[in-house]
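Reviewing the structure listed below.
The values are calculated or read from the model by the stated rules, or taken from the named source; none is laboratory data. Given the structure is predicted, the values throughout are model-derived calculations rather than measurements. Cβ coordinates were reconstructed from backbone atoms using ideal geometry, including for glycine residues, and neighbour counts include every protein chain displayed.
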Amino acid sequence: MVQKPIKEQKMVLIILLSNIFIAFLGIGLIIPVMPSFMNLMHLSGSTMGYLVAVFAVAQLVMSPFAGRWVDRYGRKKIITIGLFLFGVSELIFGLGTNVSVLYLSRILGGFSAAFIMPGVTAYVADITTIQDRPKAMGYISAAISTGFIIGPGIGGFIAEYGIRLPFFFAAGIALLACILSVFILKETLTKEQMAENVANTKQTNFLSDLKRSLNPIYFIAFIIVFVLAFGLSAYETVFSLFSDHKFGFTPKDIAMIITISSIFGVVVQVFMFGSLVDKLGEKKLIQICLITGALLAVASTVISGFLAVLAVTCFIFLAFDLLRPALTTFLSKAAGKEQGFVAGMNSTYTSLGNIFGPAVGGILFDVNIHYPYLFAAVVMAIGLGITMMWKEKELAEKLAE
């Protein structure tokens, strides 16, 4: 596939970004409906945490295989299978009446995210030039953040008409995206390239991939990917339960806060991310975001009132929104020819964070509703400490090779 400037590939990029947006939209849809679901099915905070975590466990188990398959069978095939699985999982969740069915749905959902994420990341890396790549990765990240954060917004508004409606809505748009991808996307790898990838990857497996990810060049970035996912998911999983229990906010209030915050974050991300990276570099931007995130997570426990909650949430989401593309850009620059491996591992470490974050957040929530936020702050402070050990020289040497 020829690498062209972003301007000449608008249609393909729109389809790819829509796909990843839809996947994360579906993950977010569940959030504002959680308190109502909790009451309807008599579930505890920890069960809600586990429902979010099991999605990530499934994603984790499937990610390394999906990363390989993206290089072996082609980007398009893996992306469309992922969208189809995602539609089915949302449908099952919407129809589910007992907890085991909900778990099954979340497992299928996790598999689908593992397919879509590395597929889209590798596809974008294939079609963009090195100069355009940070911008394109910024767009992917904006799509993820928008989906993840606007999902609750849409979920909250649709839930007014029925608590199960958001899930049927997500299933419908996922299947539509799947059909569009089949007809519009072209495979970026030739048969020869796929065969070459198969030959190169025969000797490796998940454990050896995990071992390779411990290479200092990647490892610190992967650890921060983990810390970010952990902190963000602990914060987000509990956010709707916290707002419901502490302030008595309705699904619509929660949806409004999350929607406004997400629009604010995404606008800044799309228009300013490129220039912020140019000015500060990835490392400094990541550090500023971690400091902001930690301070605001602590602030979340002492504020009250709709506007105060809205203001703090806006800036905490903005910090997370800028962190993610800064890391993805850093990793895709370090990856060279190993885009599939790095995208797969990025997904793996994200899943690890998404497993432990909600599970720990849900358990702490049952103890004291403020604990998950304080805990998220501590996790981000640890992440900040880790960035201090980052050696940019090593990365520059690796790129020079």
Scan the stretch 248-258 and give yes if some residue there is part of a helix (DSSP H, G or I), over 21 Å from A376 (Cβ atoms) and at pLDDT 80 or above, otherwise no.
yes
Criterion: farther than 25 Å from M137 by Cβ and either in contact with a helix residue (DSSP H, G or I) (Cβ under 6 Å, 6 or more places away or on another chain) or β-branched (V, I, T) (or both) - qualifying residue of V88, V12
V88
Return the total of residues in the stretch 159-189 being part of a helix (DSSP H, G or I) and not β-branched (V, I, T).
17
Answer yes or no: is there a residue in the stretch 74-95 that is charged (D, E, K, R) and surrounded by fewer than 24 Cβ atoms within 10 Å (Cβ to Cβ).
yes
For L16, only one of the following conditions fails: (1) under 16 Å from the mean Cα position of the chain (by Cα); (2) among the hydrophobic types (A, V, I, L, M, F, W, C); (3) in a loop (DSSP other than H, G, I, E, B). What is its number?
(3)
Got at least one residue in the stretch 257-264 being more than 20 Å from the chain's Cα centre (by Cα) and farther than 24 Å from T350 by Cβ?
no
Hey, S262 hydroxyl-bearing (S, T, Y), assigned to a helix (DSSP H, G or I) and out of contact with any Gly (no Cβ under 9 Å at 6 or more places or on another chain) or not:
no
Note down all Cβ pairs under 8 Å where the first residue falls in the stretch 90-119 and is closer than 20 Å to F168 by Cβ, the second is among the basic types (K, R), and they're at least six residues apart or on different chains.
F93/R106; G94/R164; L95/R164
Quick check on this structure: which one of I107, I116 is crowded, with 24+ Cβ neighbours inside 10 Å, under 18 Å from the mean Cα position of the chain (by Cα) and either more than 21 Å from F239 (Cβ to Cβ) or charged (D, E, K, R) (or both)?
I116
Which ones in the stretch 341-376 are surrounded by fewer than 24 Cβ atoms within 10 Å (Cβ to Cβ) and among the polar types (S, T, N, Q)?
N368
Check off (1) within 20 Å of the chain's Cα centre (by Cα); (2) surrounded by 23 or more Cβ atoms within 10 Å (Cβ to Cβ) for P251 and give me the number that stays unchecked.
(1)
Selection status of V268, out of contact with any Gly (no Cβ under 9 Å at 6 or more places or on another chain) and under 22 Å from I382 (Cα atoms):
no
Test result for I288, out of contact with any Gly (no Cβ under 8 Å at 6 or more places or on another chain), under 18 Å from I382 (Cα atoms) and at pLDDT 85 or above:
yes
Please count how many residues of the stretch 162-172 are surrounded by fewer than 20 Cβ atoms within 10 Å (Cβ to Cβ) and of a type in the set (A, V, I, L, M).
2
